[in-house]
1. Here's a check for you: in the range B:63-77, which residue that is within 14 Å of chain A (Cβ to nearest Cβ) and touching a residue at least 40 places away in the same chain (Cβ under 8 Å) is farthest from the chain's Cα centre (by Cα)?
2. Please verify whether residue B:263 is at pLDDT below 90, touching a helix residue (DSSP H, G or I) at 6+ places or on another chain (Cβ under 7 Å), within 24 Å of residue B:68 (Cα to Cα) and more than 12 Å from chain C (Cβ to nearest Cβ), treating the condition exactly as stated.
3. May I ask you to verify whether residue B:200 is over 18 Å from the mean Cα position of the chain (by Cα), surrounded by fewer than 24 Cβ atoms within 10 Å (Cβ to Cβ) and under 21 Å from residue B:48 (Cα atoms)?
4. Only residues that are in contact (Cβ under 8 Å) with a residue 40 or more places away in the chain and assigned to a loop (DSSP other than H, G, I, E, B): list them for the range C:317-347, please.
5. Test of understanding: among A:162, A:242, A:224, which residue is touching a residue at least 12 places away in the same chain (Cβ under 8 Å), within 14 Å of chain C (Cβ to nearest Cβ) and under 20 Å from the mean Cα position of the chain (by Cα)?
6. Can you find a residue in the range C:33-49 that is assigned by TED's automatic domain parsing to the domain that holds residue C:356 and free of Cβ contacts under 8 Å to residues at least 12 places away in the same chain?
7. For a quick check of your reading: which helices (runs of 4 or more DSSP H) sit entirely within the range C:40-147 and have at least 3 residues that are touching a helix residue (DSSP H, G or I) at 6+ places or on another chain (Cβ under 8 Å), closer than 28 Å to residue B:85 by Cα and away from chain A (no Cβ under 14 Å)?
8. Output the residues belonging to the range C:228-244 that are crowded, with 24+ Cβ neighbours inside 10 Å and either facing chain A (nearest Cβ under 7 Å) or within 18 Å of residue A:251 (Cβ to Cβ) (or both).
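The values are calculated or read from the model by the stated rules, or taken from the named source; none is laboratory data. No experiment lies behind these values; they were computed from the predicted model shown. Positions of Cβ are generated from backbone atoms using ideal geometry, with glycine treated the same way; all protein chains shown enter the neighbour counts.
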């Protein structure tokens, strides 16, 4: 090994990174501070969409003690429903109504077929079972819908702020708006409706709820159906805002349970905040660390947050439950 | 019992040594099988014996892969130039250089992940249950993504490992990697088996059954947790190093830190065979590999559907795996004594 | 006994192992020449894997129906064994081994993508199995001294450097500022290298150099930087997903750049999916139907395009065209070698010098095709109907490059 070469290489790359970093900070802070606004807004809008998916994940985790690895695939399925609507001439924005309606029944069907056998078991079993469902789904979708990467055009236009330096695609604003509406709607539904209360009761204490007359089977099926419906909405929004492909589901799954973990189980407002926080973090990581480290740094952040919590709790001689 | 065991082990060893000659067309498949078994065996230390479901052992596997290849190249040629532009410049290893590099590379691939496990163990192993699972998953994904941005190990263009030197026959490369992976498999098995026959295993089981009580009894659980992880890291690193040389091309998220496939498969295999047992992961890995290859041949285009159905069926109906299911049906054969009255009195709870 | 259980498992394992192997296909079975191919039928490259497979299949059908391959006085037909590499390099290498050692295949067709080809090439080289590949363009494949690798396509670094030269030319010969966004995979990074070389050659400046992670669905951050920095050229390469995302977000964020150069436009069916928004995008292509190359099997580009559309219901992207060309190359080599011996076939392949509807094919010592230049086409729209028109090199141009791209406010 030629030490002079190696040393020289390291010095060269260090200088390069230092230079790039300085240029970037200069860009962000002095030349175009508006980029920070753009990054923050992008992050928030992105985060809200992920938070919606995370909400569904948190729901079934809290109620049924299930981690659904196929979450992302349900999102993609919702996206395909919207795509086919778009192909037949219907405006894809209506997908946010049609997709959840269809996906609800997909969810209930999936529950009756497979999930109900996994509910009472170890959380881990659900991870593996839903992993099996996930790879099955991906290939079925590949077979049914073809392998093309597709998207649906909403033609919503763009909102320009600050003298055209900040551009927000209206599709992203629409996504955020719809996500918020559905999230709030769900919260209200949970509080006021009979089924919602039954769900909450079951989440608190399934056995007691059963004794008091709640049909837990129906509750579980409905919860999973609601989760699938939320994924359907998210999928419709993804089709309008990004692209869909049978194998693009996994990142949504991973991101959603990352958000749930960071928020902490049972902390629903936390899901929204974590979602947006992670979105903003990711955007800023893109600018500061470089696009290639964007996703890696988000996961590193997850690890750091968990480790930090662990140490904080261990001081009290407790641990994360 | 002991004598029969020796016959069994001898039979397997003989089969293992003769396999590449009896089934020459399957050398690569068998090598991969050996590596899968190693991954399943080591995962079982965390998942089966300790109750800590780790999705992050792939971290050590990937680290081992990159380290082995980097050392093998870096010992003789400038690593940066090897990986520059996706590997345009070609340097050729002489046979001595290749094997020397491989030896040191594997050594580093085993030791460095072990040290990493020791360093981060205190922080990560303090988490429990699903927090541990997700944290390790995050580690695996982060490692894959971040290594995809590091230029010196190839970044997005991947890292082509040194080609096998032109010695011996066409079969030499396959044979070399097969024997290497078989050797590592034997080492892993022996190590794991001997660890299981000591108090160490009992401590791990105690942690699995109730960690707080174990701590209350005075067991320094953290020490044992970390040591267990270090053992896994050691062999996972070795496995990764060998796989890197076998495949010939290292891609950060698809080959090295392959959480999506290898990372999950190691869990599945251990569960399929029966986690918490010694032979469970071995049988599980073997069956899994057979099924997977069978599906890929006969169900092309549907292989994942078949695999998905298989996984769901196993997880729902055989969550204890094959070994666990056998243990339930024939507990005597596993050395457990069952009271006849007890068995008759068993009621099925719906 | 526990032992018995183990032994039973062991024995059944071996039995299954042996039975799960396919019948050993020799190089020729009856009147069929067997070719092997690991293709991405699933996974992130599945869309282009399917294009590749369709190209292979169409060529096999065409050649077989038009008299097949004549070797040693007898006529043979092509047949391809496919395995799914799942867009995973480890799997691809494993399948290459399987095809060659278990299935006895002696001639291989390449997979889709440089990464997968990089994983398979060492295997075919080791066994001395000639491989004609049509979708692995990384330059690093051709510097390893592989004797058994033959690529019909132009290397990746030639994809977009022409765009930089064009930009400089339109800038009155003065250097330009270039912003780049490339996906982190073997192919896209190689295209990036070509662009970097062009930048250095013309004395231009690189102002943004983003490497997009493979799972990334959102380029908004990169495009915001582009808006801030206002480069002369924006280069984006990220396979099908990258092309679709780029056009969508450039339109949404109203990013104004005088020149937008991309890859995979036709594979992404840009004009169909984005319509007017994809207007003015410059795309690198290995082939275009309006090129005037000819051969006896597919006639010319327009005929190929029409025939492909009839068979598969969509217009063939260049990935399909180059895959079909690979079969033509094999046929030609088999007939010239007049033998099935791997070495003779390999030598015949090395001496290839032919024209196909896809382009001229002549291999250099490293295995790359030195006789087929890349073309650049620009998406031009007439109302709502958009078409790809070749604008460079001038020899093949059917339209003039529109430069600079009119700003969004004027569209």
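1. The first filter runs over the range B:63-77 and keeps only residues within 14 Å of chain A (Cβ to nearest Cβ), leaving B:70-77.
Applying the additional criterion that residues be touching a residue at least 40 places away in the same chain (Cβ under 8 Å) yields B:70, B:72-73.
Values: B:70: 21, B:72: 22, B:73: 24 Å.
That would be B:73.
2. Details: at pLDDT below 90: yes; touching a helix residue (DSSP H, G or I) at 6+ places or on another chain (Cβ under 7 Å): yes; within 24 Å of residue B:68 (Cα to Cα): yes; more than 12 Å from chain C (Cβ to nearest Cβ): yes.
Yes: the conditions hold for residue B:263.
3. Values: over 18 Å from the mean Cα position of the chain (by Cα): yes; surrounded by fewer than 24 Cβ atoms within 10 Å (Cβ to Cβ): yes; under 21 Å from residue B:48 (Cα atoms): yes.
When the stated conditions are applied, residue B:200 passes them.
4. Hits for the range C:317-347 are C:317, C:338, C:339, C:340.
5. Details: A:162 fails: under 20 Å from the mean Cα position of the chain (by Cα); A:224 fails: within 14 Å of chain C (Cβ to nearest Cβ).
Answer to the check: A:242.
6. The answer is no; no qualifying residue exists.
7. Values: elements: C:46-65, C:89-97, C:114-127.
Per the criteria, C:89-97, C:114-127.
8. C:238, C:240, C:241, C:242, C:244
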